[in-house]
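As structure tokens, the structure follows; a few thoughts come after it.
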Amino acid sequence: MDILSLFVIVPVLTVIALMFTKGQNNYRVVTAIGSGVQLIMAFNLLYQFLAIREAGNTDTMVFMQDYMWFKSMNIHYAIGVDGISVLMIMLTSIIVLAGTFISWKVDDLAKEFFIFLIILAAGVYGFFISIDLFTMFVFYEIAVIPMYLLIGLWGSGPREYSAMKLTLMLMGASALLLVAIFGLYFNSNVDGGALTFNIFEISQVNIPVEAQKLFFPLAFIGFAVIGALFPFHTWSPDGHASAPTAVSMLHAGVLMKLGGYGVFRIAMFLMPEGAHYWSEFFMILAVIGVAYGAIAAVSQTDLKYINAYSSVSHLGMVLLALLMMNEVAWRGAMLQSLSHGFITSLFFALIGIVYGRTHTRDIAKMGGLMTIMPIIGTLYVIAGMANLGLPGFSGFAAEMNIFVGAFQHPDMFHRIITIIAVSAIVTTAVYMLRLVGKIMMGPVMEEYKHLPAITWYEKAGTFVLVLFSMLIGIFPFFWSDIIDEAIKPFIQGILSV
Amino acid sequence: MDSSYTILILLIPIFTFFLLGFNFKRIKEPTSGIIGTALIGTTALISYFTAFQYFTGAMKGAIVDGVYQKVYTMNTVWIEFSDTLHIDMGILIDPITAMMLIVVPTISLMANMYSIGYMHGESGYTRFFAYLSLFTFSMLGLVLSTNIFMIYIFWEMVGVSSYLLIGYYYNKPSAVLAAKKAFIVTRFADFGFLMGILMLGYYGGSWDFKVLSDLGFIESLQQAYGAVFMGLSVITWALILIFMGGAGKSAMFPLHIWLPDAMEGPTPVSALIHAATMVVAGVFLVARLFGLFHFMDDGAALTVVAYVGALSTLFAAIIAFTQHDIKRVLAFSTMSQIGYMMLALGVSGYSGHDGLGFMASMFHLFTHAMFKALLFLGAGSIIHAVHSNYMQDMGGLRKYMPITHITFLIAALAISGVPPLAGFWSKDEILVAALHDNTLIFAVGYIVAGMTAFYMFRLYFRIFWWNEPNYKHTPHESTNTMTIPLIVLAVMTIVSGFIPFHNLVTADGAHIETHIDWATAGASVAVGLVGILIAMFMYKKENTISKRFRSGFGNFYEAAFAKFYIDELYMFVTKKIIFAKISAPSAWFDRNVVDASMNGVGNGTVWIAEKIKGLQSGKVQDYAMFFISGVVVIAMLFWFFI
């Protein structure tokens, strides 16, 4: 069995094992083992990938496999990874494991909960390894659909409404995306070859500029909706607020990354002229997201809303960086994707931990929790600092790349956009410190005096996320090298037109 | 000698932080205090050794042809943006770094030792020492930085340490607010700093200090960039933005509002961070880029520095007259003295005797660190004894606290510029430099010298003389761990004025000739003595003179007491405009316009579905009707188009 397909097979096996498992305790153990295996595989993949690069392999994609799936339409199960997808797979495996630990105490329908969680993960892995547009789309849908059930069944608050909204908006986006994929497919023979869904075959074809101009915005919006592009981000606050903790973590930590990844790998890579044509328009939307998400977060009182708007702001930064069209900003975008994955899922984990104890997410109703739960309080401060881009954490390295990259365009339009984006570092500090100050500091509240301390599984789930955020923050050069290598074909493909 | 051992200066404090931070429940009082003090003490010894090696020229490459050089150690690329533009991590030692390697560990060691006793019985005892180590690490990293981006990195780190330490009493709402305010105000300033760095990187092409201080490089920048905006070149604008960051950290007007509130932190923190080290980071930054500041557009950016410094020094001195909280008096005094350092840099030339201002600024930074830390630690000792920050609760303490009294007096005399104490020498050099360059700035400096003497001795007489209030507990002298730092710093205050700074720390690294300008010195001592005498007249014994003065000044006094309403202005802008007029409407807009329109699409779909579902009625007549209508419409379309 090839090293990549295992990322789909192991989750499937975990799901099958879960089906035949009995007993509340066993579900989570099986899930933890399954996700642990995935984590090991992810690091093995990273190791193998580095080894193969060390050995001088400079192929764009490695560990490639190709099986015919639907011959009549030339659809393949074609897989392969480059540095970016390897890192995304690593991110996914870490967050799935952390999410499993954080949901250790799920009681209602625990079996089904973990099954859907793992199916979601399988979809995400499949998405990251695919190099066939159709297969990729199928995996994308596999990842999105369990979300509906996870929020609708295990959520809180107006969960049906939120689940419906989230799913419908993502489905609407998928429809646009599907149109764009077919648009690419039916234009893939203009140079005389066969119709194909294969990304690298399409990238060799000179898709007519008119078609690119038509299909680029469809593909871009199709992916950017899940990346919370303004004004299509409104599913995110409601969806996150209703979702159970692990689902929020996975969703914000991984699923929202599919947006930036897809925009880069499909919309921009396959339609470079379209990307150049549309970049300024979407850049305006992205920078509105950056500033407006942060400003809206300042006025929120629900912890999850704060984090959801914070995600709008941080992921707006990813899209903005991608549209900046230079390698430094692109590297920043990829680092920001990873960074946001770790930091935001850490935050959702911590929100879940506090909510599980205080049963409220209203920051006005909490105070002085640091005294009662010093470790959780410290983690909050760390997460807050990481989120506002403190050096030593991943956010700083990512943002600096984005800012320096953005600054390479000397025209007034880009300058203004860059200044607005940089100003978000101040707004972010305002809402993060407000949050930490309100709930962790201040006088101790009587009703919370007897809250339990952090448990071992909560520690495991959060520490690993802090660790990775710091690994990126302190050793950015290691990750940058992997990303830089992977960006080369994009430089050639996108910047040379 | 090879300088790679200097890495220990950074490794030991960060190790201490992790050691104490990870074991904050296991390591108990006073062990954590002793560990912290011992390890910071080790750092201090290595730092002193480094400075000694550097200044004597024993370090490899320190002196070439009698000129101090920049020595790089272990400089490696951390993030690479392009061939010339990269963030490096490394250690740079030059005269101002070597000087800071004496200031920072000394004050940190004193603050650590002092805190062993001062923090006795606090619940977060170990946490406090962990934070102190984190701060020491960050501050040392800042002064050892080899490039401006590395400074920015450690700049943020000191900001966070300061946040954590101001908010140390995190159950106290005022401390939480003060910590938040300090972080956000400096973060706002850092927005300018970062933009300045980005501009300097893009237009200047390098962040490395060796490049940025190279005169040939500066020359080429001067030629490459002409005036773009308001008659200044883009590099000058970058420098002004960078100075904005420095002004935020150094509490220069109008970004000073966080400093008085930062006094919510424990007093050793005020002494270490908000008097001696972190707040002078802005001065250090300007000194670090002095070549650029001085030469670009004939020193336009440096003129900004000079006037901001002069305005701040006067502004803060006026407010210091009126405050009752002794730590706030000291805070405004700090702001005023940093303004002094800034104006000294602002009036300085580059080399030879013209470079006196630079040397004087660094000299004052050094001496000020010693006597201001001493004043703060003394204030801490007093607060510890009377359990209050307010002058009204003090008086006659000289009998109860002899060591605190004498050391406080030495520091007060030093800051007032009384010879032969440290402050006299450095302040005199500043005034001489200002007189040579700009009469207005000299006049401000001169007046502030007198004002400083007055408000310091107002403080001194009010605390140690005046009339005794009814103490609930008889005040007593603090423990040895607290008084030893006072004595050490008092000794430093006496001797540090005799350090030959003009041979060691200059803008271009070469020696400069200085001589005492007796006219200026005499005049500045005179104004200082006048200030002291007025203060003695007003505050030595309980009387109503000061009350009468207060009513004489009326509204002006009220305004100064209220810190000229700058805080209110900021509150108005943030609360009433940014929160109420931008943020809350954005949140509302998101829910009620953006989201509502998305929901509208969904509801619209449902509505249309409701409307058209009647079409599927199941009646054959209806279907026949639709069919015929369709045929007619299509026929008509054909009719029109073909």
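Numbers below:
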| item | result |
| --- | --- |
| Leading residue at positive end of dipole, chain A (Cβ point charges), from A:Ala173, A:Ala267, A:Met445 | A:Met445 |
| Shielding score for B:152-165, defined as the mean number of other chain Cβ atoms within 10 Å | 3 |
| Euclidean distance of C-alpha centroids, segment B:353-427 and segment A:447-470, integer Å | 45 |
| Percentage relative contact order, segment A:6-495, counting C-alpha pairs under 8 Å, at least six apart | 15 |
| Charge dipole (segment A:196-341, unit charges on Cβ, about Cα centre) - positive-most of A:Phe281, A:Asn326, A:Ser313 | A:Ser313 |
| Residue order, fewest to most surrounding Cβ atoms within 10 angstrom, among A:Lys71, B:Lys180 | A:Lys71, B:Lys180 |
| Over segment A:6-495 - Rg/Rh using Cα atoms and the Kirkwood inverse-distance radius | 0.96 |
| Magnitude of the charge dipole, segment A:6-495, Cβ model with Lys/Arg +1 and Asp/Glu -1, debye to 20 | 1160 |
| Computed Kirkwood radius, in angstrom, where 1/r is averaged over Cα pairs of segment B:1-103 | 15.5 |
| Relative exposure of A:Ile94, A:Ile288, judged by other C-beta atoms within 10 Å (fewest first) | A:Ile288, A:Ile94 |
| For A:413-426, mean number of other protein chain Cβ atoms within 10 Å | 2 |
| Beta bridges per DSSP with both ends in segment A:6-495, % antiparallel, nearest 5 | 100 |
| Qualifying aspartates and glutamates (Cα of each under 18 Å from Cα of B:Lys60; at least 8 residues distant if same chain) | B:Asp2, B:Asp94 |
| Kirkwood-based shape ratio for segment B:68-110, expressed as Rg/Rh from alpha carbons | 1.15 |
| Candidate lysines - alpha carbon under 16 Å from B:Lys210, same-chain residues fewer than 8 apart omitted | B:Lys70 |
| Positive dipole terminus of the protein assembly as shown, leading residue within B:Gly117, B:Leu39, A:Leu258 (C-beta point charges) | B:Gly117 |
| Net charge over other residues, Cβ less than 10 angstrom from the Cβ of B:Gly357 (K, R count +1; D, E count -1) | -3 |
| Cα-based equivalent ellipsoid of segment B:383-539: semi-axis lengths in Å, sorted from largest, via gyration tensor | 34, 20, 11 |
| Coarse-grained scattering of segment A:366-474 at q = 0.10, 0.19, 0.22 Å⁻¹, given as base-10 log I(q)/I(0) from a Debye sum over alpha-carbon atoms | -0.40, -0.98, -1.14 |
| Under 29 Å from A:Lys449, Cα to Cα: lysines that are on another chain or at least 8 residues apart | A:Lys105, A:Lys304, A:Lys365, A:Lys438, A:Lys459, B:Lys25, B:Lys28, B:Lys172, B:Lys180, B:Lys181 |
| Peptide-level mean, for B:12-19, of C-beta atoms on other protein chains within 10 Å | 0 |
| Rounded to 10°, Cα long-axis angle of helix A:476-490 versus longest principal axis of chain A | 30 |
| Reciprocal mean inverse distance between Cα atoms of chain B - Kirkwood radius, Å | 26.6 |
| B:Ala224 paired with A:Ala194, simple spin-label distance in nm, labels 7 Å along Cα-to-beta-carbon | 5.4 |
| Rg ratio (alpha-carbon, reference 2.2 N^0.38 Å) - the protein assembly as shown | 1.02 |
| B:Ser551, A:Ser469 arranged by Cβ crowding within 10 Å, fewest neighbours leading | B:Ser551, A:Ser469 |
| For segment A:239-315, average projected area of the Cα convex hull in nm² | 5.3 |
| Relative contact order of segment B:181-240, defined on C-alpha pairs under 8 angstrom at six or more residues apart (%) | 36 |
| Protection proxy ranking, peptides B:593-602, B:346-355, average beta carbon neighbours within 10 Å, highest first | B:346-355, B:593-602 |
| Contact order relative to length of chain B, as percent, for alpha carbon pairs under 8 angstrom and 6 or more apart | 12 |
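Rule-based calculations on the coordinates, nothing more; no lab input. Being a predicted model, the structure only gives us computed values, none of them experimental. In this analysis, Cβ positions are derived from the backbone assuming ideal geometry, glycine residues included, and neighbour counts consider all displayed protein chains.
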